[in-house]
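Step one of this worksheet: look at the structure below.
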Ligand SMILES: Nc1ncnc2c1ncn2[C@@H]1O[C@H](COP(=O)(O)OP(=O)(O)OP(=O)(O)O)[C@@H](O)[C@H]1O
Ligand SMILES: [Mg+2]
């Protein structure tokens, strides 16, 4: 799975991590290039923080190797790995002022005072926390603490930044703001970052490269677009995207000259969708189609688009879009249509299915077929 | 109807007042009950022996005299010597201060290691230390005597310090461990990445956080050590006895007339330091005791 890079800033090979007999990470292989923004995403307890702690050297690894900037890190302590880390709880030193929090690392390393002050001033300006420098963490709001934690990482000017869910303690609005700010920061610094989150939207917006994990196993590595359009298995398909991809059981069959998929319906005759890709599929498949690939019939026409009538169960307006729910193959399927639609519950309505963007999965293994 | 509705709340109000009154009366009664002995001790210590013999126990002194206090401090006889409590009081100070400081420091370090550097077997070691808190004093007397002999510090003040430090570590470790265990482990991780080592993290980050629990531990240890009688009487010699042992000797070794006023003054002097510690640091004590447990 690992892609070979010329000059990786971080390279993890065959990493295993056990706690006693408990296997937490299994054969993880990840590499990123200088300037990459790698996001580790997955459900709670899948081992994201553990992987980050392994990269930082805060947890010993059981087997495999980690290299940062081409240097093997196996026996190197956290302080010598040239990294900086922002923690979920921010982990600000409670009895120190903001200024001391930011400069503590330099002080420990024996950087002289003039240099410390200069760097502090620079970072404080960059993050706009100058008025807060004399305060203690207890006297700051959540967002301000977050900034200070970022500041502590920024002064280090490291090869690699590590973030462990830095935004999960903020309210929704602030989270979106800080997300944008982190993205800007990444561009300005052109730094390499590894960022942990369980929020798939955060992953999509920030990453240049995403690692989707489940139960300590890497499910897929790719760009946000790859992960979104070509999920490697049912787990990734379901996990990434909101609302989630529709995953509907169906039968692939030869249909006259071409091939088609048959999806059972409770309320009408089976839905038949033509797609010649079905030629290479086993009979039982799961069709994965994103809500936005099922749309209003009158608006879109073109190659790969197929129109079919379906019974609308529920209509959920959400401003710009309206989500329409219908029953297909025993599943609740979501379609994303125009905000001002005339869909109404209990009526038949034509929908366009964009078969060019459909993913197929093996129901037994869960793996992608096309 | 209207009469009734206006009457009802006022009756309820009256009830509340009565309840309040009853409550305060009971509290006052309890307070008096607890303060009575102190009152008797103080008044008796300020009376002359004649007045004690002729007057009532709870009467205020007619002529206030501090003679008994002077005798208790520097003249009363403990066995053959008649120097009062003062030399023993200083023994106790020399004993309690280092013992409190050392046991608190060790407890803080132990708690820090057990709570924040979860090494293998940390929980077992902690359980064993907890167990140490519940070993009755009498059980350790003989082995400890042997130990002090081997270390060649039997009968000395350093020997007593040693005993109190050993016996106190279980408690001090418990206090600090419970306080530190509620602090996020990410603090240590952040400091490690910042480049700080074991002691630097302790000194720069954990110790400054620990004031409430230090106060609790110091009060606890000071009270225990200052008031200790059993270790004091078992492991000291003529010149190294702590104040509690000397007090016992003054009260028990007087021949002839019992100088109640001197006994009372001596008892107050012996108890004064712990009393003062509670008065000045008591509110931190309550705060610190709950601080560690609330977050848990
Ligand atoms: N010290 C430890 N000893 C044993 N098991 C542990 C230890 N630390 C973590 N684990 C286990 O390892 C697994 C992964 O934990 P980890 O903290 O990496 O999850 P995560 O993906 O970061 O989850 P979250 O999104 O909730 O933060 C969990 O099942 C957890 O119970
Ligand atoms: Mg985590």
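A short reminder: the numbers here are calculations on the coordinates, not readings from a lab. The structure presented is a predicted model; accordingly, all values stated were derived computationally and were not measured. Cβ: placed from backbone, ideal geometry, glycine included. Neighbour counts: every protein chain shown.
List of remarks:
- Sorted ascending by nearby beta carbons within 10 Å, beginning with the fewest, A:59, A:264 become A:264, A:59.
- Taking every DSSP helix (H) stretch of at least 4 residues in chain B, weighting each as -39,500 (n - 2.57) and dividing the sum by the residue count yields a mean residue ellipticity at 222 nm of -25500 deg cm²/dmol.
- Model label points for residue B:40 and residue B:280, set 7 angstrom from Cα along the Cα-to-Cβ axis, are 3.1 nm apart.
- Ordered by the number of other Cβ atoms lying within 10 Å of each residue's own Cβ, fewest first, B:192, A:184 fall into the sequence A:184, B:192.
- Label point 7 Å beyond Cα of residue B:131 along Cβ direction - residues of region B:162-189 with amide nitrogen under 20 Å: B:166-175, B:177-178
- Chain A: calculated mean residue ellipticity at 222 nm from DSSP helix runs of at least 4, using -39500 (n - 2.57): -7000 deg cm²/dmol
- Separation of region B:213-273 from region A:260-334 is 89 Å, based on Cα centroids.
- Overall form of region B:152-197 per C-alpha gyration tensor (a/c, 1.5; a/b vs b/c): oblate
- Cα gyration tensor shape for region A:246-361, rounded if a/c is under 1.5, else prolate or oblate: prolate
- Rounded if a/c under 1.5, otherwise prolate or oblate - chain B, Cα gyration tensor axes: oblate
- In terms of surrounding Cβ atoms within a 10 Å radius of their Cβ, A:277, A:79, A:254 rank from fewest to most as A:254, A:277, A:79.
- Under the criterion of Cα pairs below 8 Å and six or more residues apart, the relative contact order for chain A equals 15 percent.
- The spacing between region B:141-172 and region B:29-96, judged by their C-alpha centroids, is 32 Å.
- Measuring nothing but how far apart in sequence close Cα pairs (under 8 Å, 6+ apart) lie, relative to its length, region B:102-220 scores a relative contact order of 46 percent.
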